[in-house]
Structures are given as C-alpha cells and as structure tokens.
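Right, one structure below, let's go through it.
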Amino acid sequence: MRLQRTVFTRRRPPALTAKLDAAETFIRQFASEDPESGDPERRLREVRAAVEAHGTYEHTPEELAFGARVAWRNAARCIGRLYWRSLVVRDLRHLRHPDDIAEQCFEHLRVAGNGGRLRPVVSVFAPDRPGRPAARLLGEQLVRYADDPRSEKRLALARELGWKGGKEDFDVLPLLVQAAPDRSPEFYELPDDAVLEVPLRHPHHSGFAGLGLRWYAVPAVSDMTLEIGGVSYPAAPFNGWYMGTEIGSRNLGDADRYDLLPAVAALFDLDTASDRNLWRDRALVELNLAVLHSFQEAGVTIADHHTESSRFISHIERERRHGRSVPADWSWIVPPLSGSATAVFHRSYDPPDAELRPAFLRRGADPWAPAS
Ligand code: ARG
C-alpha cells in the first residue's frame with residue numbers, strides 16, 4: 001500500500017506578514033542609528049523565528065528605550081522634542097496586573113516629578129499579544145481633576161465604580177486600570193506624595209491667590225499606545241514638562257474647560273463691555289504670567305512658549321544635520337498665545353506622516369479598539 005503524503009503549503013496570515021515587516025524595519029533602523037547595537041542580521045533571524053512561532057517577539061531593553069525615544073521624536077504635535085534622547089524609559093513589561101500597574105504609575109509620577117526638577121519619563125507595561133490584549137489605563141492623563149469638564153467621562157466611571165471623592169475644587173481623580181475588555185476597571189486613589197501641585201498666584205496682584213487656583217506639575221499622557229516594530233504597548237504613560245500656555249491659555253482659559261477669563265478680567269478690573277477692549281487677551285496674559293511665575297517660585301520645571309519655540313527651531317536644525325526631517329503639525333506647534341510673536345509661527349513643516357513608526361498612537365473613545 002502506498003501512502004500518499006499531502007503537502008500543505010502554509011500561507012502566512014497577513015497580520016503576521018505586517019508584523020514581520022514592521023519588526024524588520026525597526027530592527028534595521030535601530031542598527032543604523034545605534035552603531036553599538038550589533039549585527040542586525042543575527043537579531044533579525046531571532047526576531048523572525050519568534051514571530052513565526054508565537055506571533056510576536058520581545059524587544060531587548062535597548063530596543064525598547066530606542067523605540068520609545070524615537071516615538072517621541074516622531075510626535076508631530078509636540079513642540080518639546082529637542083530633548084528626545086534624554087527620555088527615561090522604565091521597562092515594566094513584566095507587569096500586567098492592575099494593582100502593580102497602578103503602583104508603578106504612582107512611582108512614575110514621583111520619578112518624573114523629582115521634587116520639582118522634572119524628568120521626561122515613559123513607563124512601559126506589558127504589550128498586547130496575539131489574542132491577548134494587555135491592560136489599559138482609562139483616562140487621558142495619570143493626573144486629572146474631577147471638576148475639569150474634560151474629565152466628565154472618567155469622573156462618571158469612577159463614581160460608577162464606587163469612588164466617593166470629587167466634591168472639592170481640584171480633587172484628583174483616581175487612576176482607572178482595566179485588565180481586559182471583559183473585566184471591570186479597578187480604581188486607585190493617587191497617594192498625596194505622588195501628585196506634585198502648584199498653587200497659582202500672580203507676581204503683581206495679591207488678590208489672584210484668592211481665586212484658589214492650582215495645577216499639577218507632571219503632564220503624563222496615559223491614553224496613547226506606544227507602537228514599536230509592530231508591537232503595541234497600550235499602557236505606556238509618558239510625560240515631559242508643561243509649557244505654560246497649556247495651563248494658562250487652554251486648561252484654565254478655554255470656555256469649555258475652567259473658563260476663567262471672565263473671573264480674571266474682573267479681578268484686574270478690565271472693561272468687558274466690548275470685545276474690542278481685548279479684555280480676554282489681557283486676561284490671558286495675566287493668567288499665563290501667573291502660571292509661569294507660580295511654577296518658577298515653587299521650583300517646578302515649566303517652559304514659556306518663547307523659549308520652547310526657539311528650542312523647537314534648534315531641534316529642527318539638529319535633526320537636519322542628522323539627515324532627518326521633522327514632521328510637525330503647525331496648528332499644534334504654534335502656541336495658543338501670541339503665536340505670531342514666536343518663530344514657529346512663521347514657517348511651514350514637513351507634513352505629519354501617519355505611517356511613521358515608532359509612534360505614540362491615538363486611541364478613540366473605545367480603549368480596546370486599534371489605535372492609529
Ligand atoms: N496639553 C495637556 C495638558 O494641558 C498636556 C499634553 C502634554 N504636554 C506636555 N507638555 N508634555 O494637560
């Protein structure tokens with residue numbers, strides 16, 4: 001009797017091909033930018049074998065650090081990219097339990113806050129694996145206030161889960177961590193020593209402090225997915241330091257945020273009878289001045305928009321010397337105060353490239369949907 005052998009030609013599923021391509025591009029980029037990284041061919045064989053066997057592969061700590069830094073370098077909306085090389089990368093890929101993630105997010109805030117001398121930090125938790133998504137942080141930043149209209153959803157969810165706080169002005173929302181799409185999120189109150197805050201006062205108006213305003217020091221974005229070489233890290237909170245206008249113009253000034261221009265105008269006795277009196281413009285300047293002054297006096301790192309603008313121009317020049325372009329989104333780069341008084345206003349940029357990787361990707365309303 002003759003047995004006939006059936007030969008199966010195995011087709012690679014497209015997702016695997018995409019993963020292999022992304023991995024290869026990244027490993028080659030790492031090798032070309034980091035001469036110490038060794039022979040990419042050997043590493044590529046290793047990576048290919050892992051992807052074929054498990055549908056994914058593990059970055060070395062060096063690849064992870066490089067990937068995270070380049071993701072920052074590639075962030076088209078960020079004016080603060082000059083220091084991308086100095087990003088502190090915390091390798092926490094072994095952590096996937098919400099309790100551990102929360103604890104390390106608090107430690108992230110302590111490391112980043114550094115007593116006021118802020119350090120740019122990213123904490124990278126477990127990546128998604130095929131068929132096994134990793135935990136997500138719900139909420140756009142590690143620190144957010146309950147009375148910020150922007151946090152309405154997170155506040156509602158925290159309350160639903162049983163959080164009782166949020167009754168006072170500027171109450172810090174609990175951290176929300178969800179382990180899997182079919183699991184209920186857990187909430188964790190932030191320890192006081194993890195949240196560095198600055199009460200706001202004005203250099204020339206003693207009544208300003210009476211408004212009772214404050215803001216936190218560390219802007220740690222927690223709702224973006226870090227993608228490196230085809231691997232997605234959905235929990236990878238990162239921070240730089242604030243540029244004053246983010247707080248003074250947008251967070252406190254926007255009509256759909258704290259909407260404080262009328263109160264500031266009243267404090268400074270501005271004539272609000274007509275738009276042409278430019279009372280909003282003058283209030284914006286006072287508010288921004290108060291923010292910069294207060295952080296400075298408190299010894300907490302912050303940048304003004306003029307300085308950050310010229311740093312960004314230096315960044316573009318430095319990148320050009322390395323033969324790299326700097327994709328940038330004009331409407332995000334130009335500061336929301338005195339735009340035309342900064343150099344970044346008066347030029348155009350290489351257009352943002354949605355395909356550029358490594359990258360911090362935006363997620364939609366559903367944290368479990370793919371980021372882009
Ligand atoms: N614009 C956001 C805020 O006001 C922070 C975004 C990140 N900003 C930064 N400087 N790294 O809270």
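Taken together, the values in this text are just the output of simple stated rules run on the coordinates, not laboratory data. Note that the structure is predicted; figures quoted are calculated from it, not measured. Because the Cβ atoms are built from the backbone with ideal geometry, glycine has one as well, and the counts that use them run over all protein chains shown.
Name the chymotrypsin sites (Phe, Trp or Tyr not before Pro) in region 76-139 that are in a loop by DSSP and that have at most 12 other C-beta atoms within 10 Å, would you?
Values: sites: Tyr83, Trp84, Phe106, Phe125; in loops: Phe125.
When the chymotrypsin sites (Phe, Trp or Tyr not before Pro) of region 76-139 are filtered for loop state and at most 12 Cβ neighbours within 10 Å, nothing remains.
Could you please rank Lys19, Lys167, Lys153, placing first whichever residue has the fewest other Cβ atoms within 10 Å of its Cβ?
On the way: Lys19 21, Lys167 8, Lys153 12.
The most exposed by this proxy come first: Lys167, Lys153, Lys19.
Each label point is 7 Å from the Cα along the Cα-to-Cβ direction; what then is the distance between the points at Ala50 and His204, in nm?
Once both label points are built, they end up 5.9 nm from each other.
Provide the net charge surrounding Ala263, with neighbours chosen by a C-beta distance below 14 Å and charges set as Lys +1, Arg +1, Asp -1, Glu -1.
Working: positive: Arg257, Arg280, Arg282; negative: Asp169, Asp254, Asp259, Asp269, Glu286.
Charge balance near Ala263 sits at -2.
With N denoting the number of residues in region 147-233, provide Rg(C-alpha) divided by 2.2 N^0.38 Å, to two decimal places.
On the way: Rg = 16.8 Å, N = 87, 2.2 N^0.38 = 12.0 Å.
Here the Cα radius of gyration is 1.40 times the empirical estimate.
Rounded to the nearest 500, what is the chain's calculated 222 nm mean residue ellipticity when only DSSP H runs of at least 4 contribute -39500 (n - 2.57) each, over all residues?
-10500 deg cm²/dmol
Specify the residue with the greatest mean-square fluctuation among Ser222, Ser338, Ser348, computed from a Gaussian network of the chain linking alpha-carbon atoms under 10 Å apart.
Of Ser222, Ser338, Ser348, the most mobile in the Gaussian network model is Ser348.
Pairs of alpha-carbon atoms within less than 8 angstrom and 6+ residues apart define the contacts here; what relative contact order does the chain have, in percent?
Values: 644 pairs, mean separation 73.5, N = 372.
Relative contact order comes out at 20 percent.
What is the fewest-to-most order of Ser274, Ser294, Ser151, Ser123 by other Cβ atoms lying within 10 Å of their Cβ? Mind dumping the intermediate values first?
Values: Ser274 8, Ser294 24, Ser151 19, Ser123 28.
The fewest-first ordering by Cβ neighbours comes to Ser274, Ser151, Ser294, Ser123.
Put +1 on the Cβ of every Lys and Arg and -1 on every Asp and Glu Cβ in region 279-329; which of Gln296, Ala283, His322 then has its Cα farthest towards the positive end of the dipole?
With unit charges placed on the Cβ atoms, the residue in question is His322.
Within the set of other residues whose C-beta is less than 11 Å from the C-beta of Ser314, count the net charge using Lys and Arg as +1 and Asp and Glu as -1. Each step should come with its number before you reach the end.
Numbers: positive: Arg81, Arg311, Arg318, Arg320, Arg321; negative: Glu308, Glu317, Glu319.
Taking every other residue near Ser314 into account, the sum is +2.
Just to verify a number: FRET efficiency for Asp99 and Leu16, C-beta to C-beta distance, R0 = 35 Å, to 0.05? The partial results should precede the final answer.
Values: r = 33 Å, r/R0 = 0.96.
Computed FRET efficiency for Asp99 and Leu16 comes out at 0.55.
Considering the options Val70, Thr307, Thr25, tell which one lies farthest towards the positive end of the dipole of the chain, charges being +1 on Lys and Arg and -1 on Asp and Glu at the Cβ, about the Cα centre.
About the Cα centre, the residue reaching furthest to the positive side is Thr25.
For region 141-199, which GluC sites (Glu not before Pro) pass both filters: DSSP loop (anything but H, G, I, E, B) and at most 11 other C-beta atoms within 10 Å? Intermediate values should be presented prior to the final figure.
Values: sites: Glu152, Glu160, Glu168, Glu186, Glu189, Glu197; in loops: Glu168, Glu189.
Answer in residue order: Glu168.
Please compute the modelled spin-label separation between Arg42 and Glu189, points set 7 Å along Cα→Cβ, answer in nm with one decimal.
According to this spin-label approximation, the distance is 5.3 nm.
Under unit Cβ charges (Lys, Arg +1; Asp, Glu -1), what dipole magnitude, rounded to 20 debye, does region 267-362 have relative to its Cα centre? Present the calculation step by step, with values, prior to reporting the outcome.
Details: 11 positive and 14 negative charges, 93 e Å.
So the dipole magnitude of region 267-362 works out to roughly 440 debye.
From the Cα gyration tensor of region 214-281, with a ≥ b ≥ c the square roots of its eigenvalues, which class applies: rounded if a/c is under 1.5, or else prolate if a/b is larger than b/c, or else oblate? Don't jump to the answer; show the numbers that get you there.
On the way: a/c = 4.28, a/b = 3.21, b/c = 1.33.
In terms of gyration-tensor shape, prolate.
At Ala343 and Asp169, where each label point lies 7 Å from the Cα along Cα→Cβ, what is the point-to-point distance in nanometres?
For the pair Ala343/Asp169, the computed spacing is 3.9 nm.
Charges only on Cβ, +1 for Lys and Arg, -1 for Asp and Glu: so what's the dipole of region 39-80 about the Cα centre, in debye to the nearest 20?
Working: 7 positive and 7 negative charges, 56 e Å.
Its charge dipole is roughly 260 debye.
Among all helices in the chain defined by DSSP H, which have a length of 27 Å or more along the axis from Cα atoms plus a Kyte-Doolittle mean of at least 0.0? List each step's numbers first, then the result.
Working: long enough: 14-33 (28 Å, 0.02); 279-298 (28 Å, 0.02).
Passing helices, by number: 14-33, 279-298.
Starting from the Cα-Cα distance between Gln296 and Ala365, subtract it from 0.36 nm times their residue separation and give me the gain in nm to one decimal. Could the numbers behind the result be given before it?
Numbers: separation 69, 0.36 × 69 = 24.84 nm, distance 3.57 nm.
Between Gln296 and Ala365, full extension yields 21.3 nm more.
Which net charge results when you count Lys and Arg as +1 and Asp and Glu as -1 among the other residues whose beta-carbon is under 13 Å from that of Ala65? Provide the component values of the computation, followed by the final result.
On the way: positive: Arg69, Arg73, Arg85, Arg90, Arg93; negative: Glu33, Asp34, Glu36, Glu62, Glu63, Asp91.
Taking every other residue near Ala65 into account, the sum is -1.
Given bins 5 angstrom wide, list per bin the percent of all Cα-Cα distances in region 288-362, short to long.
3, 13, 20, 20, 18, 13, 9, 4, 0
Treat every Asp and Glu Cβ in region 212-332 as -1 and every Lys and Arg Cβ as +1, leave all other atoms uncharged, and give the resulting dipole magnitude about the Cα centre to the nearest 20 debye. Could you put the intermediate results ahead of the total?
Numbers: 11 positive and 17 negative charges, 90 e Å.
In debye, rounded to 20, region 212-332 gives about 440.
Which order results if His59, His315, His204 are arranged by neighbouring Cβ count within 10 Å, fewest first?
Working: His59 24, His315 20, His204 10.
Going from least to most buried by this count: His204, His315, His59.
What is the spread of the Cα atoms of the chain along each of their three principal axes, largest first, in whole Å?
The Cα atoms of the chain stretch 102, 53, 36 Å along their principal axes.
In whole Å, how far is the Cα centre of region 17-54 from that of region 149-224?
Comparing the Cα centres of region 17-54 and region 149-224, I get a distance of 40 Å.
Which whole number in µm²/s is D for region 49-154 by Stokes-Einstein, with the Kirkwood Rh taken over Cα pairs at 37 °C and 0.692 mPa s? Please report the intermediate quantities before stating the final value.
Working: Rh = 15.9 Å.
Approximately 207 µm²/s, per Stokes-Einstein.
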